Amino acid sequence: MSQQDIQAPFPGVFYRRQAPDQPVLVEEGQQVEADTVIGLIEVMKQFFEIKADAAGTVTAFKVEDETVVEAGELLATLEVE
Amino acid sequence: MIHRLLIVNRGEIALRVVRAARELGMHSIVAHSEADADSLSVQLADQAVCIGPPQATRSYLNIEAILEAAKAVEADAVHPGYGFLSESPDFARAVTEAGLVFVGPEAAIIERMGDKAMARQTAIEAGVPVVPGSPSAVSDLDDALAVADSVGFPLLIKAAAGGGGRGIRVAANVEALREELPMAQTEARTAFGDDRVYLERFIERSRHIEVQILGDGERAIHLFERECSLQRRRQKVFEECPSPALDEPTREALCRSAVALAEHVDYFGAGTLEYLFDDTTGEFFFIEMNTRIQVEHPITEAVTGVDLVREMLRLACGERLRFTQQDIGRRGWAVEMRINAEDPERGFVPSPGQVQRLIWPSGPGIRIDSCLFDGHRMPPFYDSLVAKLIVWDESRDSALTRAGRALDEFTLEGFATTAGLHRRLVDDPEVRRGAMDTGFLERWLEAEPVATQSQSASVKEAL
């Protein structure tokens, strides 16, 4: 078991949902596959998917839904089996 | 008279309006988000007021916050720029109801021209050609065949409830129409819960040509046309004035039709009528109207010598149009290159960053509209347009050569831009010949994946 950080590749606004009226993409404590979309970052009116690098459990989100993030900022932690 | 003008926008257009306001002796006040507090438009304005957090929905699109700010700074007029709330009838109405002057047409006109079906109907009433098609939804195959008889092939079958390219099929001939029509109706019912479909002539390769107009509510004039056929994903990339595709009689007919439509609705302020132009037949068709100043307005200014933003403000002050049609002349050729913070080498991925080193091109015929400065950190929340390079010269050919010279002088370090793409475009033989249509640039990008010399570090490095 090891801990992996999921970081923001760009500055922008981080979203945990596809749309405001939809449920969060991933809950804390949820099992994910490699390439599961865990959030979105909006930069200059374009949206980019943030994916898990490996299969594991998303242990915690470090930023709230709809917050402004800097490049390299820690978004979530992933526990890899 | 306007004394204190609130400019509710950001970037180069906010600065553009600041400049026009100051030249007219108005006190310019820029309304900005928290992310734009140190922007160049804020620095160069007479005053600034913060209207909320970085996200546009909470600042530049927040009508309540804007009106509160307008009251706090004792503004007597509001200029919306382009984008954001510039074509919101609700905003125009709210500004007027708050007792302020809205620099633009009244809400009812924005509403009427903003609705595609209503705009098309208005154009027909004014005698302006629209893309030939069925006047209403086609009920059955016989109805569709009758329309095809008068409109001709190829035809587009468009779902009434579709949009943004969804729910569209092409029928090349009668057989295809027989086959496609029921399928299109079924598809429309499944996808949109509405099986109504329209027919419209399919123009395979068309140019985007638009006409600039000014109106004072009674009289309107045109300031000739711009061609904006070089587009990527329906976003304009490069524009020129005039269009290389028009002969004089066609230009005259096109521009007259725009004036007819503007006068038909008693248009007030600056506006642009967009048309499709079919090279093969020489026909033009009205598609929509923008009831605001446009990004590419400087090329019209370069060729006509009229300051469009200043004229907008004069009209909003209650002055009548200062020109007759005969006063408006055309001299030389102008092109505009949109410099976006996007990396053409990496699929045009946004490339925000900090300006490390900046040298603008200058010399004869060059105009830069931009809010960049050394050390500026670009906020990631808004459009990627960071500069407009506008180049004028006596002829189209010399303007393109001068544009290449200007791009060679341009240095920007800190993030990638589309400047290198423009450098290649201005030398392209097809562009030189003026042989473009709205699909040209995307075909060109696909065919020529040659590395564009990036302006600076890649996105990764910039971050």
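The values are calculated or read from the model by the stated rules, or taken from the named source; none is laboratory data. Computed from a prediction, not measured in an experiment: that's the story for all the values here. Because the Cβ atoms are built from the backbone with ideal geometry, glycine has one as well, and the counts that use them run over all protein chains shown. The area values use the complete protein model at the heavy-atom level, side chains included, leaving out ligands, DNA and RNA. Shrake-Rupley method; radii C 1.70, N 1.55, O 1.52, S 1.80 Å.
Here are the numbers for the structure shown:
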quantity	calculated
Other protein chain Cβ atoms within 10 Å, averaged over every residue that makes up A:42-50	5
For A:18-28, mean number of other protein chain Cβ atoms within 10 Å	0
Chain A - percent of accessible surface contributed by carbon and sulfur, probe 1.4 Å	44 percent
Rough spin-label spacing in nm, given labels placed 7 Å along Cα→Cβ, for B:ARG234 and B:VAL170	1.7 nm
For the protein assembly as shown, fraction of C-alpha pairs farther apart than 37 Å, in %	38 percent
Segment B:169-323 - percent of accessible surface contributed by carbon and sulfur, probe 1.4 Å	45 percent
Interface area, A with B, accessible, probe 1.4 Å, both sides summed, Å² nearest 100	1200 Å²
Whole-Å distance, taken between Cα centres, linking segment B:422-451 and segment B:90-151	33 Å
B:GLU34/B:ASP142 FRET efficiency (R0 56 Å; Cβ-Cβ; nearest 0.05)	0.40
Separation of the B:ARG205 and B:ALA253 label points, Cα + 7 Å toward Cβ, nm	2.1 nm
Segment B:ASP327-B:ARG22, extension gain: residue separation times 0.36 nm, minus the distance between their alpha carbons	107.3 nm
Per residue solvent-accessible surface (Å²) - the protein assembly as shown, probe of 1.4 Å	43 Å²
A:GLU66/B:GLU68 FRET efficiency (R0 30 Å; Cβ-Cβ; nearest 0.05)	0.85
Directionally averaged projected area (convex hull, Cα atoms, segment B:4-103), nm²	5.2 nm²
Cβ-derived FRET efficiency at R0 56 Å, B:VAL151 paired with B:LEU44, nearest 0.05	0.60
Candidates per trypsin sites (Lys or Arg not before Pro) in segment B:292-379, loop by DSSP, up to 11 other Cβ within 10 Å	B:ARG320, B:ARG331
